[in-house]
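Okay, structure first, notes after.
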Ligand SMILES: Cc1ncc(COP(=O)(O)O)c(C=O)c1O
């Protein structure tokens with residue numbers, strides 16, 4: 001079967017996570033609900049990674065992580081500002097509103113899938129009366145839904161704005177690892193040193209079987225978060241099988257290596273197709289996804305050949321997502337088939 005470029009979720013489990021799971025399982029019985037040594041170790045490794053004290057919780061998926069983290073930032077009469085393409089708006093079935101008992105999500109445009117301070121200022125100042133849901137949080141996605149990244153300075157500018165407006169800053173980091181690998185920065189530079197109150201740190205897309213970490217740098221917001229998780233059905237009884245993968249991934253830097261590899265594969269794809277006639281890249285490629293507009297017959301030909309990719313995510317066009325296990329031959333195979341398909345489209349009949 002052709003390699004999938006549909007989603008980094010579609011890849012299997014990477015060896016470091018498998019190995020940690022096997023080791024955790026080999027130890028027999030252990031206390032449940034997070035009172036085990038794997039969870040303790042995973043929290044410690046995450047604190048080391050961010051070089052600060054922070055409160056860490058493990059939940060099953062990104063929707064829960066985002067929704068519960070945002071709910072901890074807001075009251076029901078508040079609003080959350082995010083980009084119009086943000087996953088919290090487009091792909092979470094209203095969960096952020098549901099888990100916060102009605103907090104309204106307000107959408108902002110922004111170039112390359114990113115918010116900017118002026119846009120935030122405009123929305124917050126547009127209505128300050130009692131009849132409008134009071135803005136309380138800003139949610140940014142790092143890397144963004146369209147495969148771009150916020151530079152540390154861009155985040156610090158957003159922080160300056162949120163601080164002056166009394167807003168909390170949430171980061172959807174489903175692809176945080178890809179952002180760190182792309183920016184070549186330390187994780188702290190794009191989180192707490194840039195004012196992020198809470199980060200949803202993606203595990204699944206890095207190569208774990210399941211689970212995301214919710215990392216509170218603003219520890220006041222973490223108060224009673226375990227009850228919020230439990231009520232939402234997100235407190236794993238066998239928590240060690242969520243946390244063990246993190247220990248395995250963080251032990252020798254596998255989390256960053258895999259992310260860098262996925263980014264490199266996307267860079268290889270981008271370089272190979274960017275100048276092909278009929279191909280228009282839609283966004284600067286800064287992480288592990290390439291977004292491109294292709295002629296419809298070429299899309300159909302690729303799909304007939306078994307290539308799997310989405311045409312409805314983000315701002316439209318084709319999304320080619322690379323994973324920790326994408327191989328150079330997979331990219332080259334896709335490029336060869338795309339070249340052939342375009343030749344068919346472009347040749348005189
Ligand atoms: C930007 C972003 N945030 C969060 C998620 C996590 O969503 P899920 O609830 O499917 O784990 C995804 C998954 O595709 C995503 O792309």
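The values are calculated or read from the model by the stated rules, or taken from the named source; none is laboratory data. Quick caveat, the model's predicted, so the values are computed rather than measured. Cβ atoms come from the backbone with ideal geometry, glycine included; neighbour counts cover every protein chain shown.
Annotations
- Note on the stretch 38-76: among residues that are without any contact (Cβ under 8 Å) to a residue 40 or more places away in the chain, over 22 Å from residue 189 (Cα atoms) and away from the ligand (no atom under 13 Å from the Cβ), the one that is surrounded by the most Cβ atoms within 10 Å (Cβ to Cβ) is 40.
- Taken over the stretch 10-42, the criterion of being touching a strand residue (DSSP E or B) at 6+ places or on another chain (Cβ under 9 Å) and closer than 22 Å to residue 254 by Cα is satisfied by 10, 11, 39, 42.
- Condition met for residue 92 (free of Cβ contacts under 8 Å to residues at least 24 places away in the same chain and either within 16 Å of the ligand (Cβ to nearest atom) or farther than 14 Å from residue 242 by Cα (or both)): no
- Candidate set from the stretch 129-181 (those that are free of Cβ contacts under 8 Å to residues at least 12 places away in the same chain and part of a helix (DSSP H, G or I)); member that is farthest from the chain's Cα centre (by Cα): 164
Listed here are the residues, each with its yes/no results for (1) within 16 Å of the ligand (Cβ to nearest atom); (2) in contact with a strand residue (DSSP E or B) (Cβ under 6 Å, 6 or more places away or on another chain); (3) at pLDDT below 95.
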| position | (1), (2), (3) |
| --- | --- |
| 180 | yes, no, no |
| 197 | no, yes, no |
| 201 | yes, yes, no |
| 204 | yes, no, no |
| 208 | yes, no, no |
| 223 | no, no, no |
| 232 | yes, no, no |
| 240 | no, no, no |
